[in-house]
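Below is one structure; the comments refer to it alone.
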Amino acid sequence: MVSPIVNDPAMKPNEMHTGKPDVTDITRRSFLAHMQTALAGVGLLDLWSRESAKASEKQEETRGAWRPGRGETHFAPKAKRVLQIFCPGGASHLDLWDEKPSLTKYAGKPLPGEENFVSFQGKNGTLMPSPWPFRPGGNSGKRISSMLPHLARHVDDIAFIHSMTSKTNTHGPGCIFMNTGHPSEGFPSAGAWLSYALGSANDNLPTYVAIPDIRGEPPNGKANWSNGFLPARHQGIVMSAQRPIRNLRRPDSISSAEEAASRDVLRLLNQRHADAHPGWSELRARIASYELAARMQLSAPEVSNLSAEPASIHRLYGTEDSNQLKAAYARNCLLARRLLERGVRFVQLYCASRASGVDGLLNWDAHKTLKPDYERHCPIFDQPTAALLTDLKQRGLLADTLVLWTTEFGRMPTRQEGTSGRDHNPDGFTCWMMGAGIAGGVSYGATDEFGRRAVEDVTTVWDFYATVLHVLGFDHTRLTWYYNGLDRRLTDVHGRVIREILSDRSNV
């Protein structure tokens with residue numbers, strides 16, 4: 001059979017031999033003939049894709065497949081909400097959580113095997129012990145820094161992970177990696193994933209709130225609570241005790257009836273516009289955020305009204321402390337508790353901010369003067385954080401709240417050459433969990449005798465979040481979003497649940 005294209009009388013001789021049209025000089029007749037065939041193909045493809053999608057949906061309904069955003073989980077959860085406390089700057093495990101007697105025994109000597117090691121800011125000097133003794137806390141006797149006397153009372157409820165590792169030794173990527181499972185920007189944070197997975201538990205408050213320190217945002221700023229490629233409505237909403245959500249109050253010149261009528265009209269116009277642009281997730285997120293803001297005119301002022309708390313609570317947290325940085329962080333801790341008890345799914349609370357021109361001034365990045373830096377930071381962090389944990393526990397919230405303490409990496413066991421500070425160390429550091437689903441009084445994994453590298457039960461950020469999602473009732477391999485040709489996950493293509501720190505290990 002001869003191809004009809006080859007026999008087309010409108011074709012030139014060179015086209016008759018090759019069977020291919022000369023696209024540089026195509027005729028109107030051949031163009032229309034090909035267009036008709038192409039349009040038929042497009043129509044068939046669209047019909048097939050619609051039928052395929054319907055069949056897939058029907059199959060999912062038949063199987064009872066899990067669908068995100070409806071408060072459902074893959075299996076029974078232990079936790080309903082998450083509090084993440086983040087100390088940016090690379091808080092030193094060696095001076096807070098991970099006691100190393102060998103640093104005292106071999107103080108002033110080179111680190112064996114790494115005498116000429118060059119880390120982030122240059123060559124390292126000799127081994128340097130912690131400036132403060134470690135003391136036992138709780139009934140378990142877990143030893144932590146004497147600079148954290150209030151937090152020492154909670155060690156029986158905490159599962160310490162002493163073998164954390166990171167893929168980067170730089171603050172910005174390190175913070176992003178700890179919060180999103182990826183060292184580069186553009187990926188959803190853990191809070192955004194939980195917002196996507198569970199949806200809202202309170203229609204009048206955000207699902208995910210980030211509370212920056214009064215000293216400023218952490219390294220890489222808003223990327224730490226970004227929605228990434230998830231719909232924009234899942235990004236963290238920023239608020240703090242010092243700076244509640246702005247522009248919520250109705251002007252006195254507008255009556256409540258006028259405002260309600262205006263919102264009704266605006267809702268109609270927004271819906272029409274959204275229907276005309278169905279793929280524009282940013283538009284829908286903006287509409288949803290404005291509608292949420294309208295509802296928050298009543299709820300947000302109430303949740304941020306810390307004066308409603310009794311004087312005993314303010315004393316517990318230290319909200320009126322003479323140290324203004326401590327008082328500000330204490331108020332943020334109190335705000336975090338009020339958000340959690342009102343149904344916010346994920347609260348991200350920061351203690352310290354991005355780096356400044358002076359290392360260690362605004363965050364835990366103690367390159368040059370570790371002792372005065374941490375004698376400034378620890379008192380700000382200790383009492384308010386411990387008070388928040390105490391308050392959650394005494395209100396019964398800790399029973400279904402998962403608490404995380406994180407930082408982007410640890411510090412070197414040696415002094416940075418020519419200084420009395422420590423350089424960055426991503427090869428071994430400490431993070432911890434407590435609360436719902438977590439076994440307290442546990443120390444998992446270990447660094448070597450100097451705290452230089454994780455050597456026992458080496459743990460990754462992906463393992464950390466696989467465990468977090470498990471406690472929340474999710475199989476981390478099934479919580480995905482198709483993007484750029486791949487089913488993306490918070491745990492990338494890695495991760496395992498850390499069974500040893502779970503309170504119930506029978507079904508994992």
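Each reported figure results from applying straightforward, stated rules to the coordinates on display, with no laboratory input. All of these numbers come straight from a predicted model, not from anything done at the bench. Counting neighbours? That spans all protein chains shown, and the Cβs are built from the backbone with ideal geometry, glycine included.
Note on residue 132 and residue 356: their simple-model spin labels are 2.0 nm apart, each label 7 Å out from Cα toward Cβ. For residue 502, the residues whose modelled amide H falls within less than 5 Å of its own, excluding neighbours fewer than 5 places apart on the same chain, are 439. Here the extension length gained between residue 185 and residue 242 equals 17.8 nm, from 0.36 nm per residue of separation less the Cα-Cα distance. Place a point 7 Å from the Cα of residue 118 along the Cα-to-Cβ direction; which residues of the stretch 154-172 have their backbone N under 14 Å from it? Label zone hits: none.
Taking label positions 7 Å along the Cα-Cβ direction at both residue 478 and residue 146, the computed distance is 5.1 nm, reported to one decimal. Taking amide H positions as modeled 1.01 Å from N, with prolines and chain starts lacking one, the residues under 5 Å from residue 158 and 5 or more places away or on another chain are 441, 442. Computed from phi, the 3J(HN,Hα) profile of the stretch 386-391 under the Karplus parametrisation 6.51, -1.76, 1.60 (θ = phi - 60°) reads 4, 5, 4, 5, 4, 5 Hz, with x in place of Gly and Pro. Using θ = phi - 60° in the Karplus curve 6.51 cos²θ - 1.76 cosθ + 1.60, the 3J(HN,Hα) couplings for the stretch 101-118 round to x, 5, 5, 6, 4, 10, 3, x, 9, x, 6, x, x, 9, 4, 10, 5, 10 Hz; x is entered for Gly and Pro. In order along the stretch 200-215, the Karplus-derived 3J(HN,Hα) couplings, from 6.51 cos²θ - 1.76 cosθ + 1.60 at θ = phi - 60°, round to 7, 10, 8, 5, 9, 9, x, 6, 9, 10, 10, 10, x, 5, 4, 7 Hz, and Gly and Pro are given as x.
Estimated from the Cβ-Cβ distance and a Förster radius of 25 angstrom, the FRET efficiency linking residue 288 and residue 265 is about 0.90. Look at 504, 423 and count the other Cβ atoms within 10 Å of each Cβ; fewest to most, that gives 504, 423.
Using label points projected 7 Å from each Cα along Cα→Cβ, tell me how many nm separate residue 486 and residue 375, to one decimal. Taking the simple label geometry, residue 486 and residue 375 are separated by 4.8 nm. Residues whose amide H lies under 5 Å from that of residue 213, counting only those 5 or more places away or on a different chain, are 350, 352; hydrogens are built 1.01 Å from N in the peptide plane.
Here the gap between residue 107 and residue 76, fully extended at 0.36 nm per residue and compared with their Cα-Cα distance, gives a gain of 6.2 nm. Across the cross-link table entries 100/142; 123/222; 109/371, which are compared at the Cα atoms, the separations over 24 Å belong to 123/222.
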